[in-house]
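Accompanying notes for the structure given below.
The values are calculated or read from the model by the stated rules, or taken from the named source; none is laboratory data. Just so we're clear, the structure is a prediction, and the values are computed from it rather than from any experiment. Cβ placement follows ideal geometry from the backbone for every residue including glycine, while neighbour counts extend to all protein chains displayed.
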Amino acid sequence: QDLFVYFGYIICIVSAIYLYRTRPGLNLIAVGENTAAADASGINVNGYKYVHILIGGALCGLGGAYLSIVRIPIWQVDVVAGRGWIAVALVIFASWNPLKAFFAAMLFGGLSILGLRLQAMGLTFSQYLVDMIPYLATIMIVILSTRKSGKGNLGPGNMSRPYFREDR
């Protein structure tokens, strides 16, 4: 395995510890769930949003750079080929939990390589069918995971909503 893969493992564990075991992580959860209540308790809502969006964007940028520079070191059209949408589906499937997302990423990664493994075993399929496996699985998994009842599969309550202190 590549060193970057182990870095990803560490990031998942550190993210889970940060979110669920530290005061700033719990504050971040509060900001995502109810920004007005978080602001009323003295949390700098906009500061938390900006800092964590920057960190998330930097990690996404590292992943994209790794994919386009290290894994596929030549120029290629559509090098990401919709993997960003698979990542969004992975987060929904994992119920916004970093440890569940780690295992969901293993599942999606396994589905991505499944076609190549089947071809290596001598089973021949159309290359188009093989390329569709991760995307079809993504659609099916998101449909099945959103059918679950309960709050666990919902995103944070105030995610993607701008917060203006004057409106609370």
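Some notes on this structure:
- Selection count where residues are over 17 Å from the mean Cα position of the chain (by Cα), modelled with pLDDT of 75 or more and not hydroxyl-bearing (Ser, Thr, Tyr), scope the stretch 148-165: 6
- Any hit, the stretch 39-61, residues being under 16 Å from Asn158 (Cβ atoms) and of a type in the set (Asp, Glu): yes
- Screening the stretch 32-68 for residues that are among the hydrophobic types (A, V, I, L, M, F, W, C) and closer than 27 Å to Ala137 by Cβ and picking the one that is modelled with the lowest pLDDT gives Leu67.
- Gly42 being outside any helix (DSSP H, G or I) and more than 29 Å from Ile113 (Cβ to Cβ): yes
- Test set (1) outside the structural domain of Ile17 (by TED's automatic domain parsing); (2) out of contact with any Ser or Thr (no Cβ under 8 Å at 6 or more places or on another chain); (3) surrounded by 14 or more Cβ atoms within 10 Å (Cβ to Cβ) - Pro134 fails condition number: (2)
- Close pairs (6 angstrom Cβ cut-off, 6 or more residues apart or separate chains): aliphatic (A, V, I, L, M) and surrounded by 12 or more Cβ atoms within 10 Å (Cβ to Cβ) in the stretch 62-85, modelled with pLDDT of 75 or more and assigned to a helix (DSSP H, G or I) anywhere: Val79/Ser68
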